[in-house]
Structures are given as C-alpha cells and as structure tokens.
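The values are calculated or read from the model by the stated rules, or taken from the named source; none is laboratory data. All values derive from a computational prediction rather than experimental measurement. Here the Cβ positions follow ideal geometry from the backbone for every residue, glycine too, while neighbour counts run over all protein chains shown.
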Ligand SMILES: [Zn+2]
C-alpha cells in the first residue's frame with residue numbers, strides 16, 4: 001500500500017545576504033518589502049544550475065494554507081495527516097488546513113496516485129478555501145464563429161517549430177523553475193525580459209510582472225491592447241513553474257511546462273512578426289506556482305472576477321510536446337467550457353490537418369480550473385489521452401531529448417492557439 005511522505009520535512013533555508021536578518025526575510029505577510037531580496041536573487045542566478053546551486057528563497061514553509069480538493073481523491077489517498085487536517089466539506093469537495101511544506105508531498109502523492117498535477121487549489125485564507133464549496137458562477141453564453149480564414153492562414157505560415165523548440169530548450173536549462181527557488185525567480189525574469197524583447201517597438205503591447213505576496217516567483221502578463229473593443233479580453237496562459245518536489249531537485253520541466261510557455265511565446269512572436277492588431281485585447285500569461293495548487297492563476301483570475309474584467313475566453317496550455325496517443329490534441333472535457341471546446345475542435349478541423357478527441361483530467365488539474373471557477377469560459381487542449389501523457393514529468397528526465405529533441409507536437413498547439421486568438425479577438 002502506497003503512503004505518501006509526512007508533511008513535516010525540512011526545506012533548506014538560504015540567506016541571500018549575510019547581514020540581513022532572517023526574521024525580516026521570512027516575513028512575507030506582514031508588510032516587509034522583500035522585493036529587493038527577490039530582485040537580487042534573480043540577478044545572482046544563472047541557468048544551468050551548477051555554478052550557482054538553486055536554493056530556497058526564505059519564505060514561509062511554516063505558513064498555514066488551506067486546500068480544496070475532490071473529496072473522493074482525498075479519501076482515496078487515505079492519508080492520516082490529511083484526515084486530521086479536515087476543516088470543512090460538502091458532497092464533493094473537502095477543505096484541509098496544511099503548512100506550506102505539506103504542499104509538495106501532497107502534489108507528489110496526487111501525481112503518483114491519479115496522474116494529476118496538482119489536483120487541488122491552495123488558498124492563503126480559510127475564507128477563500130470555503131468559497132470552493134459553493135457552485136462556481138456559470139460563464140456568460142456567447143456565440144463563436146469562424147470567418148477569418150485569410151488572416152489566420154497568413155499567420156499560420158509564420159508559426160515556426162524551431163522557434164518553439166528553442167524556448168523549450170532555453171527554459172529547460174534552469175535546474176528547476178520551482179516557485180520558491182532562486183532559479184524559479186530567475187526563469188520568471190527571463191520570460192519577462194524575453195517578452196519585452198519580442199514586443200519592442202509596439203506601443204500597443206505592454207509586459208508586466210505580477211507579484212504574489214506569499215511566494216517570490218512572479219507571474220508575467222503581456223497585453224496587446226484591442227483596437228476596437230479594448231475592454232473585451234481574450235486570455236492565453238501557461239504555467240511557468242516546474243517541480244520535482246522541492247527547490248533542490250533538478251526539474252527541467254521541458255514538457256511540464258516549458259512546452260506550454262513555448263506555445264504562448266510563439267503566439268506572441270507571431271503577433272509581433274505579422275504586425276497583427278486584434279480588435280479585442282489579448283492577454284498572454286505565464287502563471288507562477290501552478291504545481292503547488294494553481295496559486296498564480298487563481299490569484300489573477302479571482303482579481304479579474306473582482307474587477308469585472310470581460311474575459312471572452314481563456315485557453316490553457318499545459319504539456320504539449322509528448323505524443324502519447326493516436327490523436328493529436330485532446331480537449332479536457334471536465335471543468336472546461338463545452339461551447340468553447342466545440343469551437344476549438346472546429347478550429348483544429350478548419351485550419352489544421354490534425355485530429356482531436358476528448359479526455360477528462362479531474363478536479364483542479366491545471367490552471368484552466370482557476371478561470372472556470374471564477375466564471376470564465378476556459379478550455380484546455382492537452383498532449384494525450386489522460387494516462388497516456390508524458391511519464392517523465394516531475395522528474396529530472398522531463399527533458400527535450402526525451403521527446404526527440406524537437407517541438408514537433410507543441411507546433412500543433414501553437415497553430416491552434418494562433419487560430420484561436422484571431423477568431424476570438426476580432
Ligand atoms: Zn503542468
């Protein structure tokens with residue numbers, strides 16, 4: 001019988017500067033400005049990992065968090081510590097109180113048991129966790145149409161497999177992109193800088209870092225302002241973090257999820273190279289801290305809901321370069337928007353020679369779920385039938401070499417994503 005690791009295990013603590021006090025660095029939640037420390041951490045880190053070993057940025061391993069998780073999944077894990085941490089539930093969802101240090105073992109257990117990563121939402125407050133016991137608001141109904149053939153065809157010609165390969169390769173160079181490691185901060189800054197470079201010379205494009213108060217890795221958002229209806233927003237996102245269970249573990253994360261970021265990056269590159277200007281606003285996102293409970297995407301999506309942002313649709317890319325099944329693209333059918341899924345299937349059929357099918361991934365399996373639960377129409381095209389996906393994720397073996405050294409499969413998702421933005425933001 002498989003048991004998962006106890007929640008209490010040591011996280012190495014690394015003090016960035018000798019003269020700084022540990023208490024002020026540890027104090028993320030009480031108003032201490034840790035930005036200079038994080039900036040400094042980004043500057044001293046190099047990709048590759050060996051010259052400077054990635055360490056945990058001192059942060060809150062003992063902080064309390066709350067998770068929402070499928071009641072069936074939690075029950076099937078059969079963990080005694082988890083059982084004792086139960087603080088609320090309904091027929092289908094359970095809420096548990098944990099320490100931050102318990103998130104990695106839980107994510108690893110979910111991955112082993114259900115092939116899900118993470119399969120739960122992490123919350124900074126009990127109130128936020130308890131909201132997950134309520135039915136999420138439905139996404140607004142909308143019409144989908146396909147009538148931009150000429151523009152899509154011209155932009156699809158610019159989608160370049162080598163460019164996608166290069167980004168997977170570059171991001172895989174970091175020892176890991178863990179949400180609390182020095183290299184996880186450095187990789188976030190690399191994405192920010194690279195997206196700035198890609199959009200240089202376009203006054204309608206802005207790139208912003210989205211800081212999260214509870215951990216040092218920042219999400220990155222690139223906005224292309226719509227020319228006619230700028231208040232309407234189409235979101236394409238992927239998580240940037242990688243994990244093999246901690247800040248000291250090698251986790252190249254080539255498929256999970258450099259391959260998703262590389263697809264988002266390629267759409268941005270094609271937008272810039274083609275001079276395309278959308279009628280509605282496009283927002284491209286690199287989410288922080290997905291692997292420990294969809295934390296980055298949750299904070300952003302909840303913020304958008306609160307501000308009443310008119311999100312027209314959201315496309316999530318998470319694992320795109322391992323072809324494990326006969327069909328090319330699998331649309332996740334649970335916790336996604338059925339009309340938008342059908343529209344995406346039509347885009348595949350209309351604009352590519354690929355074939356597609358549907359599969360389920362369970363509760364909270366990736367960042368689309370953050371958008372769905374905040375009332376937005378989200379979809380998630382995936383690399384394989386669930387269970388036939390990449391067996392190497394969350395290990396040191398999740399490399400580009402293990403996937404043939406090329407972005408052959410991701411290329412298909414980049415084409416789909418280009419067709420999606422042009423037909424959505426018109
Ligand atoms: Zn992932």
Where residue 337 falls short, out of the listed (1) within 16 Å of the ligand (Cβ to nearest atom); (2) over 16 Å from the mean Cα position of the chain (by Cα) | (1)
Identity of the residue in the stretch 346-378, within 16 Å of the ligand (Cβ to nearest atom) and not in a loop (DSSP other than H, G, I, E, B), that ends up surrounded by the most Cβ atoms within 10 Å (Cβ to Cβ) | 371
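Here is a yes/no grid of residues against (1) away from the ligand (no atom under 16 Å from the Cβ); (2) in contact with a helix residue (DSSP H, G or I) (Cβ under 7 Å, 6 or more places away or on another chain); (3) touching a residue at least 12 places away in the same chain (Cβ under 8 Å):
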position	(1), (2), (3)
229	yes, no, yes
247	yes, no, yes
256	no, no, yes
294	no, yes, yes
Identify, by number, the condition in (1) closer than 27 Å to residue 423 by Cβ; (2) in contact (Cβ under 8 Å) with a residue 24 or more places away in the chain; (3) touching a strand residue (DSSP E or B) at 6+ places or on another chain (Cβ under 8 Å) that residue 206 doesn't meet.
-> (2)
Does residue 289 satisfy the condition of being more than 16 Å from the ligand (Cβ to nearest atom), within 14 Å of residue 366 (Cβ to Cβ) and modelled with pLDDT of 95 or more?
-> no
Which of the residues that make up the stretch 379-402 are farther than 19 Å from residue 168 by Cα and surrounded by fewer than 24 Cβ atoms within 10 Å (Cβ to Cβ)?
-> 385, 386, 387, 388
